[in-house]
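S.K.: Questions regarding the structure given below will be posed in turn.
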């Protein structure tokens with residue numbers, strides 16, 4: 001049971017954001033606003049969404065990519081963060097789990113996810 005005033009405030013915060021429909025297994029490109037001193041720029045973080053958790057303004061998602069020297073890099077993003085410029089779904093993945101933490105132990109072609117075919 002949550003406070004109705006907090007719920008109404010959270011709905012107002014969530015209403016103006018345009019978030020695409022995505023889930024674990026989808027390949028995403030997250031445009032992140034990076035502030036360096038008085039300058040700011042947009043940097044893309046592209047990888048597989050391995051988890052979504054939470055609800056309302058506290059909802060987060062985790063994106064994993066393979067960086068330099070085959071090192072896995074994971075970042076957790078709040079969905080309704082001001083630092084996220086936009087989220088683009090590049091591929092829809094066909095998975096049977098809501099959390100894909102098993103990908104951490106896989107390398108190369110074994111870590112691939114099949115694409116969801118459109119009917």
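Every number in this text was worked out from the coordinates using simple rules, so none of it is lab data. Fair warning: this is a prediction, and the values are worked out from it, not measured in the lab. Cβ: placed from backbone, ideal geometry, glycine included. Neighbour counts: every protein chain shown.
S.K.: Those residues that are out of contact with any strand residue (DSSP E or B) (no Cβ under 6 Å at 6 or more places or on another chain) and surrounded by 10 or more Cβ atoms within 10 Å (Cβ to Cβ), I need them from segment 22-39; list them, please.
M.R.: Within segment 22-39, just 23 meets the criteria.
S.K.: Can you find a residue that is surrounded by 14 or more Cβ atoms within 10 Å (Cβ to Cβ) and not in a strand (DSSP E or B) anywhere in segment 63-80?
M.R.: yes
S.K.: While we're looking at this one, here's another question. Among the candidates 19, 48, single out the residue that is touching a strand residue (DSSP E or B) at 6+ places or on another chain (Cβ under 6 Å) and in contact (Cβ under 8 Å) with a residue 40 or more places away in the chain.
M.R.: Exactly one residue qualifies, and that residue is 48.
S.K.: Would you check if there is a residue in segment 62-69 being more than 27 Å from residue 17 (Cα to Cα) and out of contact with any strand residue (DSSP E or B) (no Cβ under 9 Å at 6 or more places or on another chain)?
M.R.: Yes, the conditions are met somewhere in segment 62-69.
S.K.: Also, quick follow-up: Can you confirm whether residue 32 is farther than 20 Å from residue 115 by Cβ and part of a strand (DSSP E or B)?
M.R.: yes
S.K.: I'm checking my understanding of the structure. Among residues of segment 35-55 that are on the phi < 0 side of the Ramachandran plot and in a loop (DSSP other than H, G, I, E, B), which one is nearest to the chain's Cα centre (by Cα)?
M.R.: Restricting to residues being on the phi < 0 side of the Ramachandran plot and in a loop (DSSP other than H, G, I, E, B), the top hit is 55.
S.K.: If only one of 87, 79 is in contact (Cβ under 8 Å) with a residue 40 or more places away in the chain, within 13 Å of residue 27 (Cα to Cα) and touching a strand residue (DSSP E or B) at 6+ places or on another chain (Cβ under 7 Å), which one is it?
M.R.: 87
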